[in-house]
Each structure stands twice: as structure tokens, then as C-alpha cells.
Amino acid sequence: MPSSAAEGARVEVFASLPVYAGSVIFIGGFVAIAVLGGLLAHRFFPQSILEQHNEIAGFVFAVVGVVYAVLLAFLAIAVWQRFDAAETRVHDEASQLVVVYRRVDAFPSASVALRKQIARYVDLVISDEWPKMNAGSQSTAANRLIENIAYQVRHLRVATATQQDLLASLIDGLQATMMDRDDRLLLSSKGLNSFLWAILFLGAADVLLFSYLFAFKSIGAQVAMTGLLAFSLSLVLHLIAVMDYPYRGDVRIQATPFIEARQSFKAIGF
């Protein structure tokens, strides 16, 4: 199984493929390699000797299987929670922008210009940044625009106590928006590191190798059992691979909250 520093990048390819094609290649290839390895082991390992140690092999296999199952479940849950957190970030960012868009009307002299810029920022996120995030990049124009919006809000002129309170809430809202944006961009470019992927694949190889130590009288039974074991392992590994980058591939977070925010802007008006 691959364990080099490039493992993370190789697995990332499967997340970028159409989900069904990637599933067939990843899972089918994994199962094929596992079954081929089992057939070779059956051919070269003395079956008579393996039969004498089936009980011991079964005990050790159970321990190894449980240890790897815990590791696999832990990383699968971690990736799932990370995916869910990334989706929450998108909703929070869009929601904060809607709040800022509404409250900026407390500053009539600047509200129209600021609302147009906020609407323009959302358009850039949807049309420019989201496609770029699929490749681990970001929109430079959107980044410059949100920074400019924040600068203008910080320098709004305050004439009343009410405006002072609203300005504080606008600054806090934009700060929260920009922090959510930073987290979103970080999550779009970072996944499990190569070391963790190496551990996952080495653990899978370890489980499969232990399964080869059982004596099989029927080649068909060996192929079926090894294939099903490899299929089960590769399903979870592929799940981790496709969800590792929340904003890439077919299984990715969409820009729906920003589209809904744009609809809210139209309803509110300038």
C-alpha cells in the first residue's frame, strides 16, 4: 500500500473525480489488489501449516481488526465532523452578511454604496470563488472587496448613540464574517496529512495480510471472503477521501446560503 509523502495528494485525486467513477476505480482497485494478494498467498503458503494455526490466527486477527476498526471509525467521524463544521461556517458567513446588509441602513449617507458592495461580494463568492475553491484556491477580487467593506464600516461617521451601538454591531458582524471566510478557505485547501493516510493504508494492508493466514479449502470461498473484507474497508476509506475536502468534488458543500442571501438582498433593496 502507498505510504510516501505524496499519499495525501494521490487520494485527493479520487475526491476530484466524479463520485461514481471515483468509487469504481478506488473500491474496485482496492478489492482487486486484495483478492490477487490472497490468491498469491493461497498458492505459496503451505495450507497444511496454516490449518494448524487457524485458531491462533483467528484470535490475533480479531485483535488487529478491532484496533484498526477503532482507528478507521475515529478518522471517519473526525472527517464527517469537519465537513459539518465547514457547512456551518458557510451558513454563519452568509447569515452575518444579511444582518450587516440590513443594519447598514442606519447610516443613510453610506448605506446604498455599502449594500451594493456587499451584494457584489456575494456575487463574487458564488460565481468566482466557489469554482476556485474546488481547486483549493480563492477569489482575490472577493478578498479585496470584503477588506474594503470592513474598512469603510470601521470609518463610518457616528452622529447619535443609536448609530454608535449599531456601528459596534456592524464591526462585530463583519469581523465574524471574515473569520468564517478565513476558516472556509482554510478548510478548502487542507485535508488529512500524508502521515495519516499512510497509517490508514498500512492498517488496511495489515488487516488483509492477517486474513491471508487462514487456510481455505475452497478458492471461491477465499475470494468471496477476502473481497468482502476489502470492499468493507475500501468503502470507509473512500468515504473519508471524498469528504476530506469539504468544497471539492461531487460530494461538496454548495454555495446555497450565499444564493439565499442574495435573494434576501433583492427583497430588502438598496
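The values are calculated or read from the model by the stated rules, or taken from the named source; none is laboratory data. Worth saying up front: this structure is predicted, and the values here are computed from it rather than measured. Backbone-built Cβ (ideal geometry, glycine too); neighbour counts: all protein chains shown.
Couple of notes before you dig in:
- Residue ID - modelled with the highest pLDDT, chosen from residues in the range 171-194 that are over 30 Å from Val158 (Cβ atoms) and among the hydroxyl-bearing types (Ser, Thr, Tyr): Ser194
- Options Met225, Met179: the member that is over 25 Å from Leu40 (Cβ atoms) and without any contact (Cβ under 8 Å) to a residue 40 or more places away in the chain: Met179
- Subset of the range 198-229 that is small (Gly, Ala, Ser) and over 30 Å from the mean Cα position of the chain (by Cα) - its residue that is surrounded by the most Cβ atoms within 10 Å (Cβ to Cβ): Ser211
- Among the conditions (1) in a loop (DSSP other than H, G, I, E, B); (2) over 30 Å from Leu72 (Cα atoms); (3) hydrophobic (A, V, I, L, M, F, W, C); (4) touching an Asp or Glu at 6+ places or on another chain (Cβ under 6 Å), Ala142 misses just one, which is (1).
- Among the residues of the range 172-194, the one identified as under 17 Å from the mean Cα position of the chain (by Cα), surrounded by fewer than 18 Cβ atoms within 10 Å (Cβ to Cβ) and among the hydrophobic types (A, V, I, L, M, F, W, C) is Leu186.
- Matching residues in the range 127-152 - criterion: being among the hydrophobic types (A, V, I, L, M, F, W, C) and at pLDDT 90 or above: Trp130, Ala141, Ala142, Leu145, Ile146, Ile149, Ala150
- Pairs where the first residue, in the range 230-245, is surrounded by fewer than 16 Cβ atoms within 10 Å (Cβ to Cβ) and the second is in a helix (DSSP H, G or I), C-beta under 6 Å, 6+ apart: Phe231/Val31
- When Phe258 is tested against (1) assigned by TED's automatic domain parsing to the domain that holds Val67; (2) modelled with pLDDT of 85 or more; (3) crowded, with 19+ Cβ neighbours inside 10 Å, exactly one condition is not met: (1).
Okay, residues lined up against (1) modelled with pLDDT under 90; (2) assigned to a helix (DSSP H, G or I); (3) closer than 30 Å to Val153 by Cα:
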| residue | (1), (2), (3) |
| --- | --- |
| Ala57 | yes, yes, no |
| Val67 | no, yes, no |
| Val70 | no, yes, no |
| Asp84 | no, yes, no |
| Lys116 | no, yes, yes |
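- Which numbered condition Ile77 fails, given (1) at pLDDT below 90; (2) under 28 Å from the mean Cα position of the chain (by Cα); (3) surrounded by fewer than 13 Cβ atoms within 10 Å (Cβ to Cβ): (1)
- Residue count for the range 212-252, restricted to those that are assigned to a loop (DSSP other than H, G, I, E, B) and of a type in the set (Val, Ile, Thr): 1
- When Ser264, Ser211 are checked against the criterion of being closer than 30 Å to Pro46 by Cα and in contact with a helix residue (DSSP H, G or I) (Cβ under 7 Å, 6 or more places away or on another chain), a single residue qualifies: Ser211.
- Qualifying residue in the range 155-174 (condition: assigned to a helix (DSSP H, G or I), out of contact with any His (no Cβ under 9 Å at 6 or more places or on another chain) and among the basic types (Lys, Arg)): no
- Some residue of the range 135-156 being more than 30 Å from Ile259 (Cα to Cα), of a type outside the set (Val, Ile, Thr) and outside the structural domain of Leu39 (by TED's automatic domain parsing): no
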